[in-house]
Amino acid sequence: MDAIGKYQVVRELGRGATGKVYLATDPFGNKQVAIKVAYPDALKSSEDGALYRGMFLNEAALAGKLHHPHIVQIFDAVVEDEFSYIVMEYVEGGTLERFCEPAALLDPAEVAEIIFKCVRALAFASRLGLTHRDIKPGNILHVDGTDIKIADFGASINAVSDRTMINNVGSPAYMAPELITGGAQASAGTDIYSLGVVMYYLLAGRLPFAGGTTMSVIYQIVNTEPEPPSTHRQGLLPELDVIVTKAMAKDPAQRYATWEEFGQALAEVWKKLNAAGEREQSDTERFNLCRALSFFKEFPENELWEVLRISKWRKFAPNSVLIKEGDQGDSFYILAGGYVRVTRGKRTLSVLTSGDCFGEMAYLAHKNAPHRSATVTTTSDAIIVKIRAEDLRASSLSCRRLFDERFLNTLVERLEAANEQLAVMS
C-alpha cells in the first residue's frame, strides 16, 4: 500500500484481529503519523464485529477533541463501508509493557512520576466525560524518560456489557471487581483501580493476581487481597504500598475519591523518594508548583504542561544576581519560591515573592536582547523559572495570550503602585 488518502505510507507497524497500523507521512503537516486501518470484514458481521465497529467509531469520534500532552492525539478519521481508518499521533518508543519485566524495572521515583502523568491525563479525559475503560501497560506509550501518552480510547464513551468487556476489551487482570460482578458501570473509580494495577506491575514486576486461567484471575480479583508490591521488591517505601492498596481497594468507596486525590498522594510520595541530596525537580513537583502560583492561576492544564516544556528551572542561594542592570538578556523569569530584591543603582525598587515575574521586557519589547533596566538579586533560597522570549513566541497562541494577559496585569499593578508612591511623596 503506497498511500492512504493524502498520507504516504512508510511501512507497516503492526497488525491485529481487526486491522493493521501503518507509519505514514502527512505531506501537508510535514510530520509522521500512525494510521489504524480496519479490516472491512471485521467490522461487518457477528456480535464481535458490532463491538469492534462501535469501538472504532468511538475512537474516530474523538478526532481533534483530546488535546493533552499525555494523550495520543487523533488527527483525522474516515469511516466508510469498504475502507475505514484513523490517523493519530505517531509515538516512537514502545509501551510500558517492557518496564514490567523483573529485569527491566524502573526506579520507584520514575514509576511515581509516570503514574502521576497518567493521572493528569485521565483526569483531563474525565472532565470531558470520558472513562477510558481499558487502562493497561500496553495502552500507555513510553515517549522518553518519564514522559508517556495514553492511547486507545476506543472502549470509552459507550458502555458495553460485562461479558464483552471481559472477553474482548482488554485483559481482566486490570478490571475492577465491581465490573466483573456486574455491580456497577465503568467510571473514574474503575479507571483508578486499573491504574493502581499498572502501578503495582511497574513496581513489583508481576501482576497482583495471577493464575493459569482467566476464571482463576477473576476469582482472585473479587475474593482475595493482593500482597503489597514490597513483598516482591525490596526497598520500596511503605507509602508506595499504601498508594497502590488504596487505588486497588475492592470497595470503590475506599479508593481515591478523585483523580486529584490520587495525584496529590503521588506528589507527596515523590518528595519522600527524593528527599535526600541535591536533585532536579521532577515534572510532578513543577506541575504542582505552577498550579499553586498566582501567575499561572488562569492557565488551563494543557498550557501548564506547555510552560514546563519551554521553561528551565533552577534553585539559587541567597545573594545570587539573576539580572544585572545594563546587561542584555533574552529571557524573563517567574519566581516559584523565595524572595528577590529589584534595585536600580543603590535604590531598592521592590521586593518580589512567589508568583511574581521579572525581566518580561525581553519578551514584550519584540526586539533582540534589550538592556536590563534593573538588577535582581535573591534574598533567600529561591526557585526560578526561566523562559526565553524566543521559546514563548514559538509556543501555542493560547499560551502566548495567557502570558500577554498576565504581563499586562503586572504592568498595570506596578503602575498603580508607582502612582501611590508618588502620591505619598507629594
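The values are calculated or read from the model by the stated rules, or taken from the named source; none is laboratory data. None of the values given here were measured: they were computed from a predicted structure. Reconstructed Cβ throughout: ideal geometry from the backbone, glycine too, with neighbour counts over all protein chains shown.
Total residues in the range 319-331 satisfying the condition of being over 16 Å from Cys357 (Cα atoms) and surrounded by 13 or more Cβ atoms within 10 Å (Cβ to Cβ): the figure is 2.
May I ask you to list the residues in the range 110-136 that are touching a helix residue (DSSP H, G or I) at 6+ places or on another chain (Cβ under 7 Å) and surrounded by fewer than 20 Cβ atoms within 10 Å (Cβ to Cβ)? Within the range 110-136, Ala123, Ser126 qualify.
Can you find a residue that is more than 22 Å from Gly337 (Cβ to Cβ) and either surrounded by fewer than 12 Cβ atoms within 10 Å (Cβ to Cβ) or not hydrophobic (A, V, I, L, M, F, W, C) (or both) anywhere in the range 376-384? No; the residues of the range 376-384 include none that is more than 22 Å from Gly337 (Cβ to Cβ) and either surrounded by fewer than 12 Cβ atoms within 10 Å (Cβ to Cβ) or not hydrophobic (A, V, I, L, M, F, W, C) (or both).
Within the range 305-327, residues that are on the phi > 0 side of the Ramachandran plot have Cβ atoms under 6 Å from residues that are of a type in the set (Val, Ile, Thr) and surrounded by fewer than 17 Cβ atoms within 10 Å (Cβ to Cβ) in no pair, counting only partners at least 6 apart in sequence or on another chain.
Condition test on Arg98, is it surrounded by fewer than 17 Cβ atoms within 10 Å (Cβ to Cβ) and either within 22 Å of Leu179 (Cα to Cα) or among the hydrophobic types (A, V, I, L, M, F, W, C) (or both)? Walk me through it before giving the result.
On the way: surrounded by fewer than 17 Cβ atoms within 10 Å (Cβ to Cβ): yes; either within 22 Å of Leu179 (Cα to Cα) or among the hydrophobic types (A, V, I, L, M, F, W, C) (or both): no.
Criteria not met by Arg98.
Across the range 305-327, which residue is farthest from Gln281 (Cα to Cα) among those that are assigned to a strand (DSSP E or B) and within 26 Å of the chain's Cα centre (by Cα)?
First, the residues of the range 305-327 that are assigned to a strand (DSSP E or B): 311-316, 321-323.
Of the ones still in play, those that are also within 26 Å of the chain's Cα centre (by Cα) are 311-315.
Details: Ser311: 12, Lys312: 11, Trp313: 8, Arg314: 8, Lys315: 9 Å.
So, considering only residues that are assigned to a strand (DSSP E or B) and within 26 Å of the chain's Cα centre (by Cα), the one farthest from Gln281 (Cα to Cα) is Ser311.
All of (1) free of Cβ contacts under 8 Å to residues at least 60 places away in the same chain; (2) closer than 30 Å to Leu128 by Cα hold for Thr377 with one exception: (2). The set of residues in the range 3-18 that are in contact with a strand residue (DSSP E or B) (Cβ under 6 Å, 6 or more places away or on another chain), within 17 Å of Phe83 (Cβ to Cβ) and charged (D, E, K, R) contains only Glu12.
Right, Ala176: modelled with pLDDT under 70, surrounded by 23 or more Cβ atoms within 10 Å (Cβ to Cβ) and closer than 27 Å to Val111 by Cβ or not? Taking the combined requirement at face value, the residue does not satisfy it. In the range 283-304, the qualifying residues are those that are part of a loop (DSSP other than H, G, I, E, B) and closer than 19 Å to Leu411 by Cβ, and the one that is nearest to the chain's Cα centre (by Cα) is Phe299.
Go through the range 99-129 and give me each residue that's farther than 17 Å from Gln234 by Cα, among the charged types (D, E, K, R) and touching a residue at least 24 places away in the same chain (Cβ under 8 Å). Glu113, Lys117, Arg120 - these are the residues of the range 99-129 that are farther than 17 Å from Gln234 by Cα, among the charged types (D, E, K, R) and touching a residue at least 24 places away in the same chain (Cβ under 8 Å).
When we screen Asp356, Asp330, Asp251 for residues that are touching a Lys or Arg at 6+ places or on another chain (Cβ under 8 Å) and among the acidic types (Asp, Glu), the only hit is Asp330.
From the list Ile148, Ile115, Ile157, Ile135, the one residue that fits, being at pLDDT below 90 and either assigned to a loop (DSSP other than H, G, I, E, B) or assigned by TED's automatic domain parsing to the domain that holds Ala267 (or both), is Ile157. Under the condition of being out of contact with any Gly (no Cβ under 8 Å at 6 or more places or on another chain), under 24 Å from Gly182 (Cβ atoms) and part of a loop (DSSP other than H, G, I, E, B), the residues counted in the range 225-273 number 7.
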